[in-house]
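What follows is one structure encoded as structure tokens, with my remarks underneath.
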Amino acid sequence: MKLTKLATALLLSGALTLFAAAASAADLNLSVAHSVGEESTQQVTSLAFQKKIAEISNGSIEATIYPNAQMGGDRELVEGVQAGNLAITTSSPAPQANFVASAAIFDLPFAFATIDEIDKTFKDPEFVKALGAEYEKAGFHLLGISNLGFRITTANKAIITPEDLKGLTIRTMENKNHIEMWRKLGANPTPLAFNELYTALQQGTVDGQENPMELIFTQKYFEQQTDISKTNHIPHCLCWVMNLAQYDALTDEQKKQVDEAAAFAIAAGEKYIRDNDAEYEKQLLSRDRKIHNLTPEQLSKFKSLVVDLWPEIEAQVAPEVYKNYTKNIAK
């Protein structure tokens, strides 16, 4: 019988988990898994959660972290949490939209001009409540949303106008809205797994890709790309989710502790990325990479080509989610 990566990893880690449980005084051990490296904001946030939950629960709740796609890629991790094989995972909303349709709200292209505008929406209690209700329908408890800035574009040329994208094969996540956005902008979008991206750039399978500055640096995509263009097409965010049945099985005090630890960790991760983005840019420039800052006027030309995606995405999400996400967006 062929096992999935998640199932195999769980079997391999089973003995260690049982040993750790026997040696620990904790009443509860929460598995926290993500698909990226140990230099990432996901790992920083996961470690902050691990430390905080142990502290505020006086050691009665512990967290075991599985980075580097040890338990599978983003889709496998979300499936694992939904099935109850994992307690907590985090990823961009794109793969989560396959399970929670309203996660597509984050796909609205060129919705925000600044990180502060993103923050105003992501921290809006009415938006979080409306989105959380949709996650619950799919068997998840939404622990929170990390605002990590914008996703930007790299290639071996500057991307200043939509014409610069014509004929370029751009790697995207497996998300219909992302694919359609890039198609409307004139590129040839190609869905590809995150862990296959570096090799695809190296071999020329794709001409460019889009990710936040952090991953462009820490995943070393810059080694295969000369130009970084701040297209700021969608927010780079992470939705932190927990299996709903496991969350509901907690006592009221444990729920409070888990939510508090998650909020603390998300804030720690956001501070980490704010503190480090400037250093990533400095390091990239020192390696002779070119960074292009687009003006509002230049960005508006991109937005004009994809504005008809907005009603399509609106139709995919719950009305309360769309209303509360867009109410603070400058029209």
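For the set Lys52/Lys256; Lys52/Lys282; Lys51/Lys120, the pairs lying more than 24 angstrom apart at their alpha carbons are Lys52/Lys282; Lys51/Lys120.
Carbon-plus-sulfur accessible fraction, the range 258-321 (probe radius 1.4 Å, protein heavy atoms only): 55%.
The accessible surface of the range 98-176, taken with every protein chain in place and a 1.4 Å probe, is 51 percent carbon and sulfur. At a probe radius of 1.4 angstrom, the accessible area of the chain per residue rounds to 44 square angstrom. Volume per residue for the range 192-310 equals 164 cubic angstrom (convex hull of Cα atoms).
Whole angstrom only: what separates the Cα centroid of the range 53-86 from the Cα centroid of the range 247-265? Here the two parts' Cα centres lie 14 Å apart. Measuring max minus min along each principal axis, the C-alpha atoms of the chain give extents of 60, 43, 42 Å (largest first). Pairs of Lys residues in the range 151-227 are counted when their Cα atoms are under 18 angstrom apart and they lie 8 or more places apart or on different chains; the count is 4. Rounded to the nearest 10 square angstrom, Arg287 shows an accessible area of 100 square angstrom against a 1.4 Å probe. Scaled to the globular estimate 2.2 N^0.38 Å, the Cα spread of the range 47-101, given as radius of gyration, is 1.28. With Cα atoms defining each centre, the range 166-202 and the range 274-331 are spaced 17 Å apart in the structure.
The values are calculated or read from the model by the stated rules, or taken from the named source; none is laboratory data. If you're wondering where the values come from, they're calculated on a predicted model, not measured in any experiment. Accessible surface is based on the protein model in full, side chains and every heavy atom, while ligands, DNA and RNA are left aside. Shrake-Rupley method; radii C 1.70, N 1.55, O 1.52, S 1.80 Å.
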